[in-house]
Amino acid sequence: MALGLGALLAASATAYDIVKWCGALYLLWLGIQLILHPRQSFSTTQENASAPQSNWFIRGMLGNVLNPKMGIFYVSFLPQFIPAGQPLIARIFLLVTIHVVIGTLWSLTLIMVTGYASRLLKSRCFIRWTDRLTGGLFMFFAVKLALSHR
């Protein structure tokens, strides 16, 4: 379906303009809503205390393992760093291990920093400011999209 829509948009300037203007109007509407009606707090899904809690580590790990981009990355990017004549499997395993360690350290750093910053991130003032800033960016992108040329 996406290929058909892409072919239609490539072939028809009118169809392209309609989709462009619809996208620009939608971004503008989202931006105005965020500026005029910012949230007072982040909604949480923990409203029902009897609901089973998800294991976020398992969900994140499955999201990475099942992501086809990771496999494409390992197959297309990493082999170029293996010198000719070196054992392929051992070197790929080493590079994947380095990638996993760096990703884990980065994720742990983000978890620790956001843990300490959670009071700021949950404050009403910060949430309203973030929503208004995001609304302004949406409006900027709407204008940029509307003024763009094919």
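The values are calculated or read from the model by the stated rules, or taken from the named source; none is laboratory data. Here the structure is a predicted model, which means the values were calculated and not measured. Note that we place each Cβ from the backbone using ideal geometry, even for glycine, and neighbour counts take in every protein chain shown. The protein model used for the area step is the full one, side chains on, heavy atoms only, and it has no ligands, DNA or RNA in it. Shrake-Rupley method; radii C 1.70, N 1.55, O 1.52, S 1.80 Å.
Brief remarks follow.
- Relative contact order of the chain, defined on C-alpha pairs under 8 angstrom at six or more residues apart (%): 57 percent
- Area accessible to solvent at F140, 1.4 Å probe radius, in Å²: 120 Å²
- Lysines whose Cα lies under 27 Å from that of K144, excluding same-chain neighbours fewer than 8 positions away: K20
- Tensor-based shape of the stretch 65-150 (alpha-carbon gyration tensor, a/c under 1.5 rounded, otherwise prolate or oblate): oblate
- Annotation for K122 and I32: the two label points, set 7 Å from Cα along the Cα-Cβ direction, are 3.5 nm apart.
- Where N is the number of residues in the stretch 5-150, Cα Rg divided by 2.2 N^0.38 Å: 1.55
- Computed about its Cα centre, the charge dipole of the chain is approximately 300 debye, with only Lys, Arg, Asp and Glu carrying charge at their Cβ.
- Of the solvent-accessible surface of the chain, computed with a 1.4 Å probe over protein heavy atoms with every protein chain present, carbon and sulfur atoms account for 73 percent.
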